[in-house]
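The values are calculated or read from the model by the stated rules, or taken from the named source; none is laboratory data. Every value quoted in this text rests on a predicted model; they were computed, and no experiment measured them. Ideal geometry is used to build each Cβ from the backbone, glycine not excepted, and the neighbour counts take in all protein chains shown. The area values use the complete protein model at the heavy-atom level, side chains included, leaving out ligands, DNA and RNA. Shrake-Rupley method; radii C 1.70, N 1.55, O 1.52, S 1.80 Å.
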Amino acid sequence: MFATKLTAWVFIFFISANNANGNIIQSADSAYLADDYALAASLYLKAEKEQGTSSSLYYNIGNAYYRSGEIGKAILYYKRALKLDPTNRDARQNLKFALTKTVDKQEDNHTSFIQKVSDSILFSNTPNGWAVTALLVFVIFLSATAVYVFSSSVIIKKICFFGGLVVLVIDCILIYMACKSASIVSDHSSAVVISPNVQLSTVPRIPKDKSEQAFQLHEGTVVEIVDSVKLNSDTIPSMWLEVKLDNVHRAWINSKDVERL
């Protein structure tokens, strides 16, 4: 009797929790439709903390920030949405549009044609999608191996042997795709500038004069983090990041002015 009541209470608790989480999303959607984009963003972020991340949730956060005029954060969350699900066409389309609003135009002129084709194939599926496909292909390989072992027909054995080799090679490629895609999700070496205008420094501190001023960046610019230094000399400890814009531009920026992907 006690166990039955306990199970019922647990069930009611989970139902209530799911309804509460659903209500947060509904409230965020309602705020967005009412043009209260700041409230919508805060509610979506609350849902992220309570429910976890998802590509669609990051996409909604990006939309709310874009409507609020915070281009940097919009680009950040569109990119996060694409990290989780590269097939999210809406996020990719909105990211392209948001990038046209940035001051610092970044062109990808150093990527080869082969690399672009490889990336397009890689981003045609999610990490889980690649993993599931690799598993299914491996099952086909095992089936071909079983037929090869137990079949008495020479022709069938040859077909299963050479076909199995081809399937095994394909499976190895799929496993590589799954690992590569998963590594992109776990990679946090890139960041997006979220402050409207930032003066970068040649040293890890606020520039004291023009000789220590490197160059300026604006919100929405994507940088690669190559090093970091924590300073305790000020009253408030600060973290400085050495970032690389391209092969030429490299300098230090305060961590509060960027957010990692």
**Item:** Kirkwood-Stokes translational diffusion coefficient of region 95-164, alpha-carbon pairs, 37 °C, 0.692 mPa s, µm²/s
**Value:** 202
**Request:** Could you tell me how many degrees, from 0 to 90 and to the nearest 10, lie between the Cα long axis of helix 2-33 and the main elongation axis, the longest principal axis, of the Cα atoms of the chain?
**Result:** 50
**Asked** Within straight cross-link reach of K230, meaning Cα distance under 20 Å, which aspartates and glutamates are found once same-chain residues fewer than 8 apart are removed?
**Response** E212, E242, D257, E259
**Complete:** To the nearest 10 degrees, the tilt of helix 55-67 (Cα long axis) against the first principal axis of the alpha carbons of the chain is 30
**Request:** Could you state the accessible area per residue of region 83-240 in Å², with a 1.4 Å probe and every protein chain left in place?
**Result:** 65
**Message:** Modelling each spin label as a point 7 Å along the Cα-to-Cβ direction, I'd like the L122/S151 distance in nm, to one decimal.
**Reply:** 3.7
**Asked** What's the angle, to the nearest 10 degrees (0 to 90), between helix 71-84's Cα axis and the longest principal axis of the chain?
**Response** 20
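For each pair in K105/K256; K96/K208; K46/K96; K83/K208, compute the distance between the two Cα atoms and list the pairs where it is over 29 Å.
On the way: K105/K256 22 Å; K96/K208 37 Å; K46/K96 26 Å; K83/K208 38 Å.
Going by Cα-Cα distance, K96/K208; K83/K208 fall outside the 29 Å limit.
Per the Kirkwood treatment, what hydrodynamic radius in Å, one decimal, follows for region 25-68 from the mean inverse distance over all distinct Cα pairs? List each step's numbers first, then the result.
Values: mean 1/r = 0.1018 Å⁻¹.
Averaging 1/r across every pair of different Cα atoms and inverting gives 9.8 Å.
For the chain, what is the convex hull volume of its Cα atoms per residue in Å³? Write down the numbers at each step before the final one.
Details: hull volume 59.0 nm³, N = 261.
Per residue, the Cα convex hull of the chain comes to 226 Å³.
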**Message:** Can you tell me, using C-alpha contacts under 8 Å and at least 6 residues apart, the relative contact order of region 100-235 as a whole percent?
**Reply:** 26
**the chain - percent relative contact order, Cα under 8 Å, separation 6 or more** = 15
**Message:** At 1.4 Å probe radius, can you tell me the per residue accessible area of region 19-80 in Å²?
**Reply:** 47
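Ignoring any ligand, DNA or RNA, what whole percent of the accessible area of region 133-173 comes from carbon and sulfur when the probe is 1.4 angstrom? Before the final figure, lay out the partial values.
Details: 2520 of 2930 Å².
Ligands and nucleic acids excluded, carbon and sulfur give 86 percent.
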**Per-peptide average of other Cβ atoms within 10 Å, ordering 144-153, 80-89 highest first** = 80-89, 144-153
**Message:** Tell me the relative contact order for region 43-128 as a rounded percent, counting alpha carbon contacts under 8 Å between residues six or more apart.
**Reply:** 25
